[in-house]
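Contents: one structure, followed by commentary.
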Amino acid sequence: MTTENVKAELACLPSEILCHLFTFLPTRQLITEIPLICQRFHTILKDDKFWNGRIRTEYKVRLPDCETKHSEYEPKKSFVAISTQRERWRDEWAESQTIHTALGHSATVDSVLLFESQHRQFCLSGARDRSIRLWDLERVRSGDGDTVDAPWTVAKDETAHLGWIWNMARDSESGEVYTTSWDSTVKNWAIREGGAIQNLNSVNVGSAAQCISVGGARHEIVCTTFAKRTAVIDGRSFGVVAEHRLHKRAVIALAVQGERIFTSSEDRMMMMVDRRMMTKPVLFEYSPTTYKSCLSLQRNQLLTSTSDGKVKLYDATNFNVLQTYTVGSYTRQTLLDHGAHLAMARSVKGYYKFSIHSPGIRSEVWCASTQLAAEPAKFDYLSTSKTLAIGNGDSSILFCFPRPPPQE
């Protein structure tokens, strides 16, 4: 039987059988090759129902309506993201990781930021020793020793701030980085070709600066402070152009999307204000016994970590709770990735662990670490390279890379 006859035979099969057969093919092949064979295959694989069905049946993931009705939702991309994350965390923690510990700071590393620039991958870290360091991930991944001839740190500024450095954010368009510090300043940095770090601007926000985000309007940076303030900074003049003080205690978590600014505070209040009218909250929730220690926002889903060891997923349009699950006795941080929920928490026995959960509203544990050797402060995850970085209280950074498959 010729190839053309085989194509003709397959093309005559019912769509239900073809959809079933397609599930046995690699995802990359389904996206790049199979649609080119004939018009019918192209039509089937272009249909959102095919990809939504695979998300539900193969991964048992039920995505909330607030995501599936979002303008940026694409079932094919969501399926690829979920399958990528499931493959990344398929095995036990020790079997799926290549772990390297980086030393260089002399105090707790409270912030790590993973990013790509000029076809290279980096990690920028900020610590309580008041310094920032730029790490070359390729050198770290190689596992070769951190030597003078081949240092893992490609640039550093040991006097970046006059106080502890709390958080960092990066503008993906300009490539510029913003840092917050206990010294009450927000600073703007450029990372030049070759890795040199240059300070561009600085603004004093009146008290210790905590969170920062560049997810809002163009040329605007949003930051929060320990003195109840949420401030909007113009990235061109680098001055504060708007603010609110609706919280009653330190504002410790922040997420921004467009005109919507989400914050949570030690006053146990979580709220959303509109950038165009910051005099009163549009949405708010008060928790009598716990506060939200972290907020992570994507496609109208708001993932939060709570001080009593839970992870809560909200519909960001109305603050309806979509699901709640327990990860320990205190949740330090959560991250809403396109294909998974990532959480770092303290267990009931007092040690910290990292866990990965399926996305959607019926999350299951995909993978969990053993006891982390040092108390962690903050983590970040880079989806493109499947790299995890954890800043620790013993001044180290834990880099976790996917372990390559065994050679046959």
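Computed from the coordinates by the stated procedures, all read-outs in this text should not be read as laboratory data. Source: prediction; values computed, not measured. Using ideal geometry, Cβ is built from the backbone for each residue, glycine included, and neighbour counts are taken over all protein chains shown.
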| request: Would you calculate the volume per residue, in Å³, of the smallest convex hull containing every Cα atom of the range 3-88? | output: 103 Å³
| field | Positive-end extreme of charge dipole, the range 3-88 - chosen from 31, 14, 41 (charges on Cβ) | value | 31
| request: Determine which residues of the range 204-233 fall in the zone a paramagnetic label at residue 162 would reach in this model, i.e. backbone nitrogen under 18 Å from the point 7 Å along Cα→Cβ. | output: 204-210, 226-227
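Can you put 221, 34, 82 in order of Cβ neighbours within 10 angstrom, beginning with the fewest? Intermediate values should be presented prior to the final figure.
Values: 221 26, 34 17, 82 23.
Least crowded to most crowded, the residues run 34, 82, 221.
Of the listed pairs 248/386; 76/386; 49/280; 228/386, which have alpha-carbon separations greater than 31 Å here? Before the final figure, lay out the partial values.
On the way: 248/386 39 Å; 76/386 19 Å; 49/280 41 Å; 228/386 36 Å.
Pairs exceeding 31 Å: 248/386; 49/280; 228/386.
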| said: Suppose R0 equals 56 Å. What FRET efficiency, 1/(1 + (r/R0)^6) with r the Cβ-Cβ distance, do residue 12 and residue 117 give to the nearest 0.05? | reply: 0.65
| task | Report, to the nearest 10°, how far helix 48-58 tilts away from the longest principal axis of the Cα atoms in the chain, using its own Cα long axis and a range of 0 to 90°. | result | 80 degrees
| In degrees from 0 to 90, rounded to the nearest 10, what is the angle of the helix 75-88 Cα long axis to the longest principal axis of the chain? | 80 degrees
| request: Rounded, prolate or oblate: pick one for the range 342-408, where a ≥ b ≥ c are the square roots of the eigenvalues of its C-alpha gyration tensor, a/c under 1.5 means rounded, and failing that, prolate if a/b is larger than b/c, else oblate. | output: oblate
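Can you bin the range 41-161 into rounded, prolate or oblate? Criterion: square roots of the alpha carbon gyration tensor eigenvalues sorted a ≥ b ≥ c, rounded for a/c under 1.5, prolate for a/b above b/c, oblate for the rest. Could the numbers behind the result be given before it?
Working: a/c = 2.74, a/b = 2.28, b/c = 1.20.
Judged from the Cα gyration tensor, the range 41-161 comes out prolate (a/c at least 1.5, a/b above b/c).
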| said: Around residue 180, under 11 Å between beta carbons, what's the net of Lys plus Arg minus Asp minus Glu among the other residues? | reply: -1
| task | Would you mind ranking 105, 70 by Cβ crowding within 10 Å, fewest neighbours first? | result | 70, 105
| query | What's the center-to-center distance, using Cα atoms, between the range 216-247 and the range 5-79 in Å? | reply | 44 Å
| field | Exposure proxy ranking, count of Cβ atoms within 10 Å, fewest first, for 154, 203, 251 | value | 154, 203, 251
| task | Once you have the Kirkwood Rh of the chain from its Cα pairs, apply Stokes-Einstein at 20 °C and 1.002 mPa s and quote D in µm²/s. | result | 94 µm²/s
| message | Report D for the range 128-228 in µm² per second (integer): Stokes-Einstein, Kirkwood Rh on Cα pairs, 4 °C, 1.567 mPa s. | response | 89 µm²/s
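Please state the relative contact order of the range 93-402 as a whole percent: Cα pairs under 8 Å, 6+ residues apart? Intermediate values should be presented prior to the final figure.
Working: 861 pairs, mean separation 44.0, N = 310.
That works out to 14 percent.
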